[in-house]
Amino acid sequence: MLDADFFLRWMNALTEAVNREAGRLTELDAAIGDADHGTNLQRGFTAAKAALEKDAPDTPGAVLMLTGRQLISTVGGASGPLYGTLLRRAGKALGDEAEVSREQLAEALRAGIAAVAQLGGAKPGDKTMLDALEPAAAALDESFAAARAAAEEGAVATVPMLARKGRASYLGERSIGHQDPGATSSALLIGALEEAAR
């Protein structure tokens, strides 16, 4: 079973991953977006980490809700609202349980992903974060390692896609051949989850 400490470890691992990969995320975003994805996420997760350290929530759902709120209030662009919605909706789905199972987390992530899809009007195949998140949530029913592999494969699979949503969609055919930054950062989110589970 996964408790609040597990979820705090997950968010810490994610913050470290975002800090480590911020340059690469911004580079990917420079090719097809605003060149601010890495720096935006870095600012948001740093603020979230500070908030979690100041007043550590005692349930898994509360950890995700607080992180999501921080992202929405500190991150500009689309990534703040999208990641904030993902985590807040997943946190809400987990409710007030002190411990949750991997299967419950997978279900909560699916609820978060549905909220993101609704907010951004995107679906898998549109070259967005959903291309990494959807397969990861499905594979999470099997194991954390399977979820990580599915997310990483999903991110790489965005390279030949034509962007249909977000800033990248303005480029039309020129968006083909570039890995989607949102799918790449989503793979970091799932990678950090697998790390926390080790």
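Pairs are defined by a Cβ separation below 8 Å, a sequence spacing of at least 6 or placement on different chains, a first member in the range 91-118 that is among the charged types (D, E, K, R), and a second member that is part of a helix (DSSP H, G or I) and open to solvent by less than 30 Å² (accessible area, probe 1.4 Å); the pairs so defined are LYS92/GLY61; LYS92/ALA111; ASP96/GLY61; GLU97/PRO60; GLU97/GLY61; GLU99/PRO60; ARG110/ALA137. Only residues that are in contact (Cβ under 8 Å) with a residue 24 or more places away in the chain and surrounded by 17 or more Cβ atoms within 10 Å (Cβ to Cβ) were counted across the range 39-65, and they come to 18. Take the conditions open to solvent by 10 Å² or more (accessible area, probe 1.4 Å), hydrophobic (A, V, I, L, M, F, W, C) and more than 25 Å from ARG20 (Cβ to Cβ) and apply them to MET129. Does it pass? No, not satisfied.
Residue-wise test of (1) of a type outside the set (Ser, Thr, Tyr); (2) surrounded by fewer than 16 Cβ atoms within 10 Å (Cβ to Cβ); (3) within 25 Å of ASP58 (Cα to Cα).
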position	(1), (2), (3)
ALA98	yes, yes, yes
ARG102	yes, no, yes
ALA108	yes, no, yes
GLY121	yes, yes, no
VAL159	yes, yes, no
PRO181	yes, no, no
THR184	no, no, no
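Comparison of ALA197, ALA163, ALA145 shows that the only residue that is open to solvent by 10 Å² or more (accessible area, probe 1.4 Å) and touching a Phe, Trp or Tyr at 6+ places or on another chain (Cβ under 9 Å) is ALA197.
Scanning the range 69-82 for residues that are buried (at least 21 other Cβ atoms within 10 Å of the Cβ) and in contact (Cβ under 8 Å) with a residue 60 or more places away in the chain yields SER79, LEU82.
The values are calculated or read from the model by the stated rules, or taken from the named source; none is laboratory data. Computed from a prediction, not measured in an experiment: that's the story for all the values here. Cβ atoms come from the backbone with ideal geometry, glycine included; neighbour counts cover every protein chain shown. With ligands, DNA and RNA removed, areas are computed over all heavy atoms of the protein, side chains included. Shrake-Rupley method; radii C 1.70, N 1.55, O 1.52, S 1.80 Å.
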